[in-house]
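So the structure is just underneath, and the comments pick up after that.
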Amino acid sequence: MNILINDEKHYLTLNNYLKALYHKKVFKIPLNGNFSCPNRDGTISKIGCLFCSEKGSGDFAGEKNLPIKTQFTTIANMMKQKWPNGYYIAYFQANTNTYDTLENLKKRYSQIVQDNYILDKNIKILSIATRPDCINEEIVQYFAKINQTLPVWIELGFQTMHQHTAILMNRGYLNDIFEKAIQLLKKYHLTTIVHIINGLPGETKVDMIQTAQYLNHFGIDGIKIHMLHIMKNTPLETYYTLHPFHILTIEEYVDIVVNQLRYLNDNIVIHRVTGDAPKNLLIEPKWTLKKFVVINEIDKFMRKEHIFQGDLCLK
Ligand code: SF4
């Protein structure tokens, strides 16, 4: 078993992983690079993934019209009140953060890191959320170069291995694109984190566990597990009104996540086991607002049953 899995946390948490590496609290500074998304601007579609919020799934990111340095300083100063001695992850979350020309990407990211320059010595990681169909070798080579100065994490929105659900959610790419993107990222030794969503319409517990099992094949470094949020002013709100579907209860969700963890390789860092949504925009499920309750329930379940991340994973 991975040595960072312990009696308290029966899975490899991001927190424990970062503590072991940096010996300090490391927290995210969510930045908005003012990118668009091909699944919203009409290149692939104008609808976007059905669950995507108006802010391109970056509801907690900085103000997009402000320079990145200003966003960073403003948010870091707020965070410092809670953790005065922490390190930072500069996190580009909203929309598709590689969806531009290489030249324009460089204009954005060089504000954080360029050659031996880093905006703030306490930034330890650059994390970039994107779509697998918006990276290519040229872009990956650029990030691989940055990776020599500052570790780069690439986060891919995947959600599900089941193509029919991906099509229903208007994800806009098929699994082979995802697989090629992972291979490219691994070729250049970039840390790769994959987002999945539980509770997508029509998916069973077995379907969701299969998505976790599928990801074991690609040598991914981390995973973010989310519950599907139905948020106001999203296409999913309309879909849910027209075609109501089962919303997982907290008990069902905990059971599914625990089983996903059991099937995941124990060297995959678990970045999240539940997500955040702004309270004023969340329609369902309201129990996700109690994030710490969800996390505690997962921990309690795993401790009570003496089960661990990876204990059902065939290596
Ligand atoms: S790829 Fe991301 S930003 Fe684009 S529509 Fe889907 S969730 Fe939203």
(message) So in region 169-200, with the set limited to residues that are surrounded by fewer than 15 Cβ atoms within 10 Å (Cβ to Cβ) and away from the ligand (no atom under 16 Å from the Cβ), which one is farthest from residue 275 (Cα to Cα)?
(response) 187
(request) Determine, yes or no, whether residue 82 is basic (Lys, Arg) and surrounded by fewer than 16 Cβ atoms within 10 Å (Cβ to Cβ). (result) yes
(request) Return the only residue of 300, 290, 286, 279 being more than 26 Å from residue 129 (Cβ to Cβ) and of a type in the set (Lys, Arg). (result) 300
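Is there a residue being in contact with a Pro (Cβ under 8 Å, 6 or more places away or on another chain), within 11 Å of the ligand (Cβ to nearest atom) and of a type outside the set (A, V, I, L, M, F, W, C) anywhere in region 26-39?
First, pick out the residues of region 26-39 that are in contact with a Pro (Cβ under 8 Å, 6 or more places away or on another chain): none.
Within region 26-39 (the criterion being in contact with a Pro (Cβ under 8 Å, 6 or more places away or on another chain), within 11 Å of the ligand (Cβ to nearest atom) and of a type outside the set (A, V, I, L, M, F, W, C)), the answer is no, since none of the residues qualifies.
Do you know which residues across region 294-315 are at pLDDT 95 or above and either farther than 20 Å from residue 252 by Cβ or under 20 Å from the mean Cα position of the chain (by Cα) (or both)? Explain how you work it out, then say what you get.
Quick first cut of region 294-315, residues at pLDDT 95 or above only: 294-312.
Within region 294-315, 294, 295, 298, 306, 308, 309, 310, 311 meet the criteria.
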(request) Please determine, by comparing only the residues of region 201-225 that are closer than 19 Å to residue 285 by Cβ and not acidic (Asp, Glu), which one is surrounded by the fewest Cβ atoms within 10 Å (Cβ to Cβ). (result) 204
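Which residue, of 247, 283, is farther than 23 Å from residue 16 by Cα, assigned to a loop (DSSP other than H, G, I, E, B) and either aromatic (Phe, Trp, Tyr) or touching a residue at least 12 places away in the same chain (Cβ under 8 Å) (or both)? Working first, answer last.
Details: 283 fails: assigned to a loop (DSSP other than H, G, I, E, B).
Among 247, 283, only 247 is farther than 23 Å from residue 16 by Cα, assigned to a loop (DSSP other than H, G, I, E, B) and either aromatic (Phe, Trp, Tyr) or touching a residue at least 12 places away in the same chain (Cβ under 8 Å) (or both).
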(request) Check whether at least one residue in region 298-309 is free of Cβ contacts under 8 Å to residues at least 12 places away in the same chain and either on the phi > 0 side of the Ramachandran plot or touching an Asp or Glu at 6+ places or on another chain (Cβ under 7 Å) (or both), and report yes or no. (result) yes
(message) I'd like to check something: does region 12-26 contain any residue that is surrounded by fewer than 22 Cβ atoms within 10 Å (Cβ to Cβ), of a type in the set (A, V, I, L, M), more than 17 Å from the chain's Cα centre (by Cα) and closer than 30 Å to residue 261 by Cα?
(response) yes
(message) Just to verify a result, which residue in region 83-115, among those that are part of a loop (DSSP other than H, G, I, E, B) and within 16 Å of the ligand (Cβ to nearest atom), is farthest from residue 153 (Cα to Cα)?
(response) 100
(request) Could you identify the single residue in 115, 100 that is among the charged types (D, E, K, R) and farther than 17 Å from residue 61 by Cβ? (result) 115
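Confirm whether residue 238 is among the hydroxyl-bearing types (Ser, Thr, Tyr), farther than 16 Å from residue 160 by Cβ and part of a loop (DSSP other than H, G, I, E, B). First the steps, then the outcome.
Numbers: among the hydroxyl-bearing types (Ser, Thr, Tyr): yes; farther than 16 Å from residue 160 by Cβ: yes; part of a loop (DSSP other than H, G, I, E, B): no.
Taking the combined requirement at face value, the residue does not satisfy it.
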(message) Based on this model, can you work out whether residue 64 counts as within 25 Å of residue 132 (Cβ to Cβ) and either assigned to a loop (DSSP other than H, G, I, E, B) or touching a residue at least 60 places away in the same chain (Cβ under 8 Å) (or both)?
(response) yes
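Counting only residues that are in a loop (DSSP other than H, G, I, E, B), of a type in the set (A, V, I, L, M) and out of contact with any strand residue (DSSP E or B) (no Cβ under 8 Å at 6 or more places or on another chain), how many does region 5-46 have? Quick ask: steps written out before the conclusion?
Let us first name the residues in region 5-46 that are in a loop (DSSP other than H, G, I, E, B), namely 5-12, 23-25, 32-46.
When the remaining residues are screened for being of a type in the set (A, V, I, L, M), the result is 5, 12, 44.
This time we only want the ones that are out of contact with any strand residue (DSSP E or B) (no Cβ under 8 Å at 6 or more places or on another chain), so: 5, 44.
Residues that pass the stated criteria total 2.
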(message) Can you tell me which of (1) surrounded by 16 or more Cβ atoms within 10 Å (Cβ to Cβ); (2) out of contact with any Cys (no Cβ under 7 Å at 6 or more places or on another chain); (3) under 30 Å from residue 46 (Cβ atoms); (4) at pLDDT 95 or above is the one residue 123 doesn't meet?
(response) (3)
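The values are calculated or read from the model by the stated rules, or taken from the named source; none is laboratory data. Note that the coordinates shown come from a computational prediction; the quantities given were computed from them, not determined experimentally. Positions of Cβ are backbone-derived with ideal geometry, glycine not excepted, and every protein chain shown enters the neighbour counts.
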